[in-house]
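What follows is calculated from the coordinates using simple rules that are stated; it is not laboratory data. Computed from a predicted structure; not experimentally measured. Cβ placement follows ideal geometry from the backbone for every residue including glycine, while neighbour counts extend to all protein chains displayed.
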């Protein structure tokens, strides 16, 4: 096409489209927008105008007036990795868009949020002249998905958008099938696809994609070799938007095809100023000190500067980010879409997330909470029944299991030393895993209050501070996080500057879910929970536990060690404490090294930040681990132990700690086994038969 014909087509398109709009909004249809729609229809002006109207009407119908990547739920949707544009292309230059069906959760995600994320990313993708010229290939990946991930209406909306209501030529749709594809209700979708798209649809198995698309452009789980990073792609999208807004050289955002036009409709209805509305699309950037600066290569070939995906603390819309809104329970980012490694940050970049919660000194649970009693120490325990290990052995032999059981019963019958008012608030009850396992008001961990005026309970999490041996608030005992509390859990870890997490239950035991999968399970995998990105950088597997090295991203990066103890039996307690003792020793060594690495940045107690310990309810195995740690620390320090007083005192801070009598008995035998291993005691023979009860 000659330059003259090109100019004439653009002018004709703009003239016709603007004549259909109201006078006050006609000028908001830009020349770049015209070019995009014309390219999608090979400069057939009438067809390009039809496409423009279809696209505009689709956005109006779905309520997608303004697209602000800084707002929830769009922000979480963008970072989930569900829909992405791959860095590679097909052999003829077409861009590749990937929708991963297994990451879609219809029960927690709206169609509007998904469509917003798709439109936002495709708008950025077609900034590339090559994509405008060579078109787009859409890959609908159904591998490893289930019926729970299937959303027929959403699939139809996406395909309708791509086929006839988006300014890019759809060259082909590859449906990567799974066994489900050949069963109802997928048969209905197959019929729709064949009816609407006909020759442009190709149903393939994952390994067959390589015969259609270069291997170097496909991700590994689809048979390719591409090591793409979805987060880096989103970062580059935000950078385009940010540079456009900060440049302030255009009257409207040319990167959203009809954004300004639709906002003008909204303005007309609300009688608000255009300036006020347009200011909502501003995306703040963090100072250079918070992020490595430099140029990041945009997937479409243009260099963009290192801006960041962030939320302004003063913007009206910024306050909506996460305040009172439930983020998706889990962002199951595909294992092949990791954030860049530390050494690669300058190349790909990691978007810092908004820091809505500032670190609070761990030794002060809350400025509004009364201080906890002092930590365990010789001054207050020597006169209260402390025993040497030999005395402990004689006590157990004398009492036998029946006597130890009665000792525990006496403790169990003591009423809780406090109230549970905050845990019982209606808005907090849904955050408790078990309705009868609540937090004592005086020792609960208080999160920093979020900015939702309608919810005064955003500071709540089912977690309690507990003292250690000669250490106040040495532990945070908490329940196994629920999907709805994943974000709260990581807020707590961030605010309390936690370095170590000890998990003493498996996620599923005996067919029951004991804890949510709140951390990335695979190396290199990244998930978003609330305001935080959590990346699993490395996993070490030991005989009785796994250690995941996590990186927690907010406005900076922190390292957190996640221990998963896997050798607690499904019933009762371990017959031997050997594995638990080895586990504790490893945790102590790691904690000491982590605290030393903080250097002068840590100004709290010498022992460092609290260690988060949890099982399912946060009282059984959690209480057992903490009791054992306290007793052994005291034994090493002054040579005496008092299991009974330790448990009694612990229950004044985390009510009902030590859930069953056999857990209580295990604490005794574990101390004795520790003394034997360390040469403090000769081997002891036990005659009692082992009784097993169902423990947490």
(message) Suppose R0 equals 56 Å. What FRET efficiency, 1/(1 + (r/R0)^6) with r the Cβ-Cβ distance, do residue 227 and residue 11 give to the nearest 0.05?
(response) 0.80
(request) Based on other C-beta atoms within 10 Å, arrange 515, 451, 257 from fewest to most. (result) 451, 515, 257
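What ratio of Cα Rg to 2.2 N^0.38 Å holds for segment 378-677?
Working: Rg = 18.9 Å, N = 300, 2.2 N^0.38 = 19.2 Å.
Taking N as the residue count of segment 378-677, the ratio is 0.98.
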(message) How much of the pair distance distribution for segment 398-526 lies past 25 Å, counting alpha-carbon pairs only, in percent?
(response) 38
(request) Starting with the fewest neighbours, write out 434, 469 ranked by other beta-carbon atoms found within 10 Å of each beta-carbon. (result) 434, 469
(message) Taking the square root of 5 times each eigenvalue of the Cα gyration tensor, what semi-axes in Å does the equivalent ellipsoid of segment 28-128 have, largest first?
(response) 25, 19, 12
(request) Would you please give the FRET efficiency between residue 509 and residue 590, computed as 1/(1 + (r/R0)^6) with r the Cβ-Cβ distance and R0 = 22 Å, to the nearest 0.05? (result) 0.30
(message) Can you tell me the length gained on complete extension of the stretch residue 19 to residue 160, counting 0.36 nm per residue apart and subtracting the Cα distance?
(response) 48.1 nm
(message) If I model a spin label at residue 575 and residue 220 as a point 7 Å from the Cα along the Cα→Cβ vector, what separation in nanometres do I get?
(response) 4.0
(request) Describe numerically, in nm with one decimal, the distance between label points set 7 Å from Cα along Cα→Cβ at residue 540 and at residue 424. (result) 4.6
(request) Arrange the following residues from fewest to most other Cβ atoms within 10 Å of their Cβ: 549, 538. (result) 538, 549
(request) Treat each spin label as a single point 7 Å out from the Cα along the C-beta direction, and report the residue 152 to residue 566 distance in nm. (result) 4.1
(request) Between residue 46 and residue 434, take the C-beta separation as r, use R0 = 60 Å, and let me know the FRET efficiency to the nearest 0.05. (result) 0.40
